[in-house]
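Presented below is the structure to which this report refers.
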Amino acid sequence: MRSKQSFSGLQWLSAFLLLAAIILLALQLVKYSRLRASFPQGMSIAGVPVSGLDRQQAAQRILEAYNVPVELHYGENVIQMNPAIIGFELDLESMLAAADLERTRQSFWLGFWDYLWGRSIEPINIPLRSSYSESRLRSYLQNEITTRYDKPPTPASPIVGTVNFQPGTLGTSLDIDQSIIPIENALHSINHRIVNLSLKRTLPPRPSFQNLEILLKQTIEISGFDGTLGLYLLDLQTAQEIHFGLNSGVEISVNPDIAFTTASIIKIPIVVSTFKRLDEEPDTETANLIEKMIIESGNEAADWLMERVIDPSRAPLLVTEDMRALGLESTFLAGHFYQGAPLLAVVKTPANQRTDINTSPDLYNQTTPSDMGMLLEDIYQCAQTGGGTLTAVFPGQINQTECQIIISYLSRNKIGNLIEAGVPETTQIAHKHGWVSNNGIINLIGDAAIVYTPGGNYIFVIFLHHPVQLLWDPSAKLIVDLSRAIYNFYNLPTQ
């Protein structure tokens with residue numbers, strides 16, 4: 001009897017436990033069914049966690065994450081860019097469909113079994129699927145960013161009252177091409193939506209040649225020079241010119257140019273005519289004469305050189321003919337240098353036939369700033385390339401090596417004053433200077449140079465004349481200041 005009662009108790013206990021297990025299993029089944037209806041633990045779509053969310057909730061969360069503005073940094077400026085402006089769109093349906101496929105990929109009962117045993121599920125990420133318009137992005141950057149935040153560079157400017165320049169400022173511009181990919185990456189990220197835009201630094205442009213001309217004229221005005229001045233400047237990179245004349249501070253025409261006594265600067269035409277007639281490098285005696293003529297400015301050496309190489313009696317006229325052949329109509333030599341040398345010809349030129357200006361040019365030798373500048377340009381081009389007017393007019397008679405030798409001689413003419421004193425000591429200057437004095441009174445000073453600088457090469461020719469007297473110190477200082485202003489223009493200070 002006891003045995004039956006005991007057996008009945010075990011049955012009831014077993015039945016109770018079985019019922020409890022069935023109830024627990026049913027509860028877990030209901031819970032799993034609800035979980036399976038939403039996205040599983042560890043799932044993310046486009047990097048956005050969607051565990052436990054249904055389709056609508058997941059879609060809302062993804063939209064919220066990717067509709068956050070992209071923060072663009074242009075230097076210290078911050079711009080909030082709405083993704084919709086550039087046509088950014090999420091392919092939600094495609095991503096949600098892929099997530100649903102992953103959610104239901106495992107069979108219900110196998111998934112339920114793993115759920116019961118608490119087995120972890122490997123995280124699943126559905127890749128971002130989106131699109132945007134690159135053309136609209138470029139348009140936005142161009143129209144909204146560059147027009148508002150780009151800063152153009154400013155050129156260096158003259159410091160008032162000096163021949164120095166104030167440094168220009170760098171410009172800043174958006175590098176659109178280099179900024180596209182970082183912005184694209186930010187659009188595709190939920191955590192890194194700040195972009196430092198790629199910027200380009202733009203070097204300041206050189207001031208205009210017109211500004212340089214204004215500076216030169218202001219420098220002359222400040223000096224108080226009241227004689228006649230002729231100035232010619234040629235940029236050997238761009239062929240731009242500055243050419244003007246002043247008389248008592250008033251600008252005068254330079255068409256035709258102003259005639260000046262050439263003085264020792266006429267030795268540049270002489271050396272050109274000499275090399276035209278040499279069939280080989282000069283012998284020792286000829287080289288010594290050239291050196292004394294150019295470097296020591298010896299007049300006797302010039303006469304001996306002309307008689308020895310060009311012609312015993314007509315050399316000055318042949319030099320003049322050579323200049324005419326080169327198109328230099330107002331440059332001539334009409335006699336030798338020695339005292340009492342006869343005037344071989346009375347030469348009329350476009351420059352010395354002017355009636356509105358008279359610098360009392362010497363009947364024996366004359367030139368103009370532009371003539372001498374063009375001759376130096378011919379020598380420079382011949383030395384640099386072997387071409388130009390010299391070799392075209394005198395084919396086979398003068399060559400590149402000879403032009404380089406001419407420049408070498410002119411570069412050894414060291415005086416430590418005039419154009420040379422306006423540039424750094426290490427600057428190469430191929431030049432010839434000269435002045436005219438009567439009874440110790442100077443009436444004319446001139447200098448003609450090819451100047452080689454890091455910022456560009458140029459030709460600078462300057463003549464000063466005064467009918468009464470040129471005081472050396474203020475006149476030389478004016479030429480030094482003009483030379484320094486030009487050098488500073490080509491070699492601007494940096495910040």
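The values are calculated or read from the model by the stated rules, or taken from the named source; none is laboratory data. Here the structure is a predicted model, which is why all the values come from computation and not from measurement. Cβ sites come from the backbone with ideal geometry, for glycine too, and all protein chains shown count toward neighbours.
The set of residues in the stretch 61-81 that are surrounded by fewer than 19 Cβ atoms within 10 Å (Cβ to Cβ) and within 14 Å of I190 (Cα to Cα) comprises R61, L63, E64, A65, N67, V68, P69, E71.
Among residues of the stretch 159-181 that are in a loop (DSSP other than H, G, I, E, B), those with a Cβ under 7 angstrom from a residue that is among the hydroxyl-bearing types (S, T, Y), sequence gap 6+ or separate chain, pair up as V163/T219; P167/T494; G168/T154; L170/T202; D175/S198.
Only one residue in I290, I295, I310, I242 is out of contact with any Phe, Trp or Tyr (no Cβ under 8 Å at 6 or more places or on another chain) and not polar (S, T, N, Q), so which one is that?
Values: I290 fails: out of contact with any Phe, Trp or Tyr (no Cβ under 8 Å at 6 or more places or on another chain); I295 fails: out of contact with any Phe, Trp or Tyr (no Cβ under 8 Å at 6 or more places or on another chain); I242 fails: out of contact with any Phe, Trp or Tyr (no Cβ under 8 Å at 6 or more places or on another chain).
Every option except I310 fails the conditions.
Out of all the residues in the stretch 382-398, which are among the polar types (S, T, N, Q), surrounded by fewer than 17 Cβ atoms within 10 Å (Cβ to Cβ) and in contact with a helix residue (DSSP H, G or I) (Cβ under 7 Å, 6 or more places away or on another chain)?
Here is the first cut: in the stretch 382-398, the residues among the polar types (S, T, N, Q) are 384-385, 389, 391, 397.
Imposing the further condition that a residue be surrounded by fewer than 17 Cβ atoms within 10 Å (Cβ to Cβ) reduces the set to 384-385, 397.
Result: Q397, single match.
Scanning the stretch 334-363 for residues that are loosely packed, with under 10 Cβ neighbours inside 10 Å and touching a residue at least 40 places away in the same chain (Cβ under 8 Å) gives a single hit, D356. Between K276, K292, the distinction of being closer than 22 Å to I419 by Cα, assigned to a helix (DSSP H, G or I) and either at pLDDT below 95 or not aliphatic (A, V, I, L, M) (or both) belongs to K292 only.
Inside the stretch 194-219, can you point out the residues that are basic (K, R), surrounded by 14 or more Cβ atoms within 10 Å (Cβ to Cβ) and at pLDDT below 95? Before the answer, list the steps.
Initially, the stretch 194-219 is screened for residues basic (K, R), giving 200-201, 206, 217.
If we keep only those that are surrounded by 14 or more Cβ atoms within 10 Å (Cβ to Cβ) too, we end up with 206, 217.
Within the stretch 194-219, R206 is the sole residue that qualifies.
As for the stretch 311-321, it holds no residue that is buried (at least 16 other Cβ atoms within 10 Å of the Cβ) and assigned to a loop (DSSP other than H, G, I, E, B).
Any residue that is buried (at least 18 other Cβ atoms within 10 Å of the Cβ) and under 24 Å from V254 (Cβ atoms) - is there at least one of those in the stretch 399-415? No, every residue in the stretch 399-415 fails to be buried (at least 18 other Cβ atoms within 10 Å of the Cβ) and under 24 Å from V254 (Cβ atoms). The set of residues in the stretch 437-461 that are crowded, with 22+ Cβ neighbours inside 10 Å and out of contact with any Pro (no Cβ under 7 Å at 6 or more places or on another chain) comprises L444, I445, G446, D447, A448, A449, I450, V451, Y458, I459, F460.
So that you can scan it fast, the table gives a plain yes or no per residue for (1) aliphatic (A, V, I, L, M); (2) surrounded by fewer than 15 Cβ atoms within 10 Å (Cβ to Cβ); (3) at pLDDT 90 or above:
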position: G111; (1), (2), (3): no, no, no
position: I126; (1), (2), (3): yes, no, no
position: E144; (1), (2), (3): no, yes, yes
position: G161; (1), (2), (3): no, yes, no
position: L174; (1), (2), (3): yes, no, yes
